[in-house]
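The structure appears below as C-alpha cells.
The values are calculated or read from the model by the stated rules, or taken from the named source; none is laboratory data. Please read these numbers as outputs of a predicted model, since none were measured by experiment. Note that each Cβ is placed from the backbone with ideal geometry, even for glycine, and that neighbours are counted across all protein chains shown. When the accessible area is computed, the model is the full protein with side chains, heavy atoms only, and any ligands, DNA or RNA have been set aside. Shrake-Rupley method; radii C 1.70, N 1.55, O 1.52, S 1.80 Å.
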Amino acid sequence: MEDLVVVGGGVIGLSCAWRAAQAGRRVTLRDPAPASGSSWVAGGMLAPVTEAWPGEEGLLGLGLESLEMWPAFAEELSAAAGQPAGLHPEGTVVAATGSGDRAELDALAGHLGRLGRPVERLSGRELRRLEPGLGPDVRGGLSVPGDLSVDNRALLAALRAAAEKAGVVVEERAWEPGDTTADTAAGTVLICAGAHSAALHPGLAGLVRPVKGEILRLTHRHGAFPVPTRTVRALVDGRPVYLVPRPGGLVVGATQSEHGFDTEPTVGGVRDLLRDAERILPGIAEYTLAEAAAGLRPGSPDNVPIVGRLDGRTLVATGHSRNGILLAPLTARLVVGLLEGGPVPAEVDPARFGRTGT
C-alpha cells in the first residue's frame, strides 16, 4: 500500500493521519509545530445549528453529518489515545440583548424550522433558569441542546497520541513546494496546512486565505460565579460573542478580520470581547484573564471546505474556515475514501473551482 505524507499537524491533519494509519497506510506527518496554530487557539464549538445562516444549507448538512459522528469518534479516540478526547456533551444556549438581536435570532429560528431543524425559543427568564449566570441584559434567546463543544487542546493531545500509537511518524519540519516524491518516498501527499495551504500547490492559489480571529481564555477564581454548564453564544448589539466552558474556566471569542498572516491580539479586540462577554455573563469580571491569542481560520471563496484530489499524487483537505474541529471526523472519513479511490461530495470537491489536474 502506498505511503502517505500529511502536510499539516492541526486537527484536520492529525485526524486524517490517524484514520489513514488505522486503514493500513504508512503515514508521515510533517509540521514544524504540530498541534499548534488555529487548532490550538480555537474555541472548540461543535455548532452547525447555531452557525447556520440562509445560503449555507450545504455547509449545514455537512456539519450535521459530522456532528452525528462526534460521540463515537471521541469515544474511539479516547480509547486509542489512552487519554480523554475532551468532548463536552452539554448543549448550547444563544442569548440576545436588544430587540434587533432578538429579531435576528427569531429569523435564525424560522430558517431552521423551515429546514426541519426546530429550536426552542426562550425568554430571558427561561434562559436564566438554564444558566443562572446570565445577566439582566439578556432578554431572550434559543436553546440548542444538540450543539456541543470539545476541549480543543485535549483533543489535539489525544489525536497526536492516537496517531503515533497507530504508527504515524511525526516529523517536526516544514514541507516545501519543491519537495519531490523521491525526497519523501511518498505515493500520495495530503495538504492540510490550513491558512498556509495555498502556497503549497498551484491548484490552491487564491482559494485559501487567512481570516484572523482573536480569542481569550479566562480562569475561574475562588468565590467568582460558577462557570456555565453549556456553551453560551450571544448577540450583543449585533456583535457575536461566545463563551465555551472548560475545566476551571472559559474560552471567549472571537473577532473576525482579514489582515494577512497577522497573529497578534490587539487591545481593541481584547476590549471588545471582554465588554460583550461581561454583558452576557457579568460574573466573569471576577475571573482571571489567563491568555489572549489570535489564530488564522483557513477561509475558502464559498466558506465550504476544499476536500478532494488536486492531481494524480496530491490530495487536499483545507478551507474549513470556522468549522475545522466540527468537520474533522467527516473530513478524515472522506480522505480515507479518497485514498481508496472513492469520490467526495460535489460541494467540497476542488473541481468546483476548476482547479484539478494542474
Given a 1.4 Å probe and the protein chains all in place, what does the accessible area of residue 320 round to, in Å² to the nearest 10? 10
Give me the percent relative contact order of the chain, please, defined on Cα pairs under 8 angstrom at least 6 residues apart. 24
Net charge contributed by nearby residues that have their C-beta within less than 12 Å of residue 163 (K/R +1, D/E -1): +2
For the chain, take the longest principal axis of its alpha carbons; what is the angle in degrees between that and the long axis of helix 267-280, to the nearest 10 within 0 to 90? 50
From the C-alpha gyration tensor of region 225-358, pull out the three semi-axes of the equivalent ellipsoid (sqrt of 5λ each), sorted largest to smallest, in whole Å. 37, 17, 12
Near the amide H of residue 147, under 5 Å away, which other amide H atoms are found, from residues 5 or more places off or on another chain, if H is placed in the peptide plane? 92
222 nm [θ] for the chain, helices only, -39500 (n - 2.57) per DSSP H run of 4+, per residue, to 500? -9500 deg cm²/dmol
Full extension from residue 225 to residue 346: what is 0.36 nm times the residue separation minus their Cα-Cα distance, to one decimal in nm? 38.8 nm
Where Lys and Arg each count +1 and Asp and Glu each count -1, what net charge lies around residue 146 among other residues with Cβ under 15 Å from its Cβ? -3
For region 26-33, what does the Karplus curve 6.51 cos²θ - 1.76 cosθ + 1.60, with θ = phi - 60°, yield as ³J(HN,Hα) per residue in whole Hz, taken in order and with x for Gly and Pro? 8, 10, 10, 10, 10, 6, x, 8
Starting from the Cα-Cα distance between residue 107 and residue 3, subtract it from 0.36 nm times their residue separation and give me the gain in nm to one decimal. 32.6 nm
Helix 57-81: angle to the longest alpha-carbon principal axis of the chain, degrees 0 to 90, nearest 10? 80
Need one number: nm distance between label points at residue 57 and residue 126, each 7 Å from Cα along Cα→Cβ, rounded to one decimal. 2.7
Of region 236-266, those with amide N under 18 Å from the point 7 Å along the Cα→Cβ vector of residue 272 are 236-243, 252-266
Considering Cα pairs under 8 angstrom that are at least six residues apart, work out the relative contact order of region 183-233 and quote it in whole percent. 20
Counting only protein heavy atoms and using a 1.4 Å probe, what share of the accessible area of the chain belongs to carbon plus sulfur, as a whole percent? 53
Could you do me a favour and compute the accessible area per residue for the chain, 1.4 Å probe, result in Å²? 40
Which label in (1) 27.2; (2) 16.1; (3) 17.0 gives the computed mean projected area of the Cα convex hull in nm²: (3)
Binned at 5 Å from 0, what are the whole-percent values of the Cα-Cα distance distribution for region 105-264, short to long? 1, 6, 10, 13, 14, 14, 13, 10, 8, 6, 3, 1, 0
Have a look at 154, 193, 85 and tell me which one the Gaussian network model of the chain (Cα, springs below 10 Å) gives the largest fluctuation. 154
